[in-house]
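Reviewing the structure listed below.
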Amino acid sequence: MILKNLQLKNFKQYAALQLDFQEGLIGIVGKNGSGKSSIFEAILLCLFGSSNTDKEFYKTSWAENKENVLLELSFELNQKHFIVRREFRGKALAPKAQLFNQEDKLIATGAKIVNKEVEHLIGMDKEGFTRSVFSGQKELGAISGTKGEERKKMVRKMIGLDNLDYIQKMIREDRNHIKKQIQFHEETLLEKDALDLLTTEIKEIAKNIKSSNKTLTQLNKISEKTLKKYHKAKLV
């Protein structure tokens, strides 16, 4: 995913802003309160929408009630161009969202539908996007003061690879457990000759049981006949 252009109107510190993104690593620098974080917030807002509790802080303090807040982000994905447009209208800042493709054709409208479509397109949610593409001033400052293995750990945590480290650890533990189980079963399994002998003995036992059942059936029949003769003789 490549960010191409961001346009803002009446959003936080920006009465109007048009920002073109160059390819590669982008650094946004400026004094505290100059609006660096607002640019990234605008990108997140364009892509993933907002909660109802956040929107009251979007409008610039000098904008009139009737003026709208407008955000528009264009990006390229798999050599296709997309534009996502968010608008907050009137005093109540009623949200409106639209997603266009490279032919400027509307492919999604409505905040929830646009949110879902954007997540589907880029293959990640808001948290995943934040971890993958953005590093704040505090994180970069902390990294600059570390070296070696500690820096490596901080970078991996910052971009979310610490979760992968945990998953890999669990996979290794499961793999070792399975190996031990396989080894145990291999050690307890009988040799082929012993297994063949045991199979033969089981078949012989089954044959004897079948024969015994047949004999038992015959004895039951004889017993029933004898019992009938006994009752008949007793009546006479």
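Below is a table of values for the structure above.
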read-out	value
Simple spin-label estimate for residue 201 and residue 225 in nanometres, 7 Å along Cα-Cβ	3.9 nm
Computed label-point distance, nm, for sites residue 185 and residue 106 using a 7 Å Cα→Cβ extension	6.0 nm
FRET efficiency estimate (nearest 0.05) - Cβ-Cβ, residue 173 to residue 4, R0 41 angstrom	0.40
Listed pairs 4/36; 59/116; 91/112; 36/112; 66/126 exceeding 23 Å between Cα atoms	59/116; 36/112; 66/126
Mean Cβ neighbour count within 10 Å, used as a protection proxy, ranking 89-102, 193-206, 37-50 highest first	37-50, 89-102, 193-206
Segment 38-112: radius of gyration and largest Cα-Cα distance (Dmax), Å	13.0, 40
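Bear in mind that the values in this text are calculations on the coordinates, not laboratory data. Not measured: the values here are computed from a predicted model. Methodologically, a virtual Cβ is constructed for each residue, glycine included, from the backbone with ideal geometry; neighbour enumeration extends over all protein chains shown.
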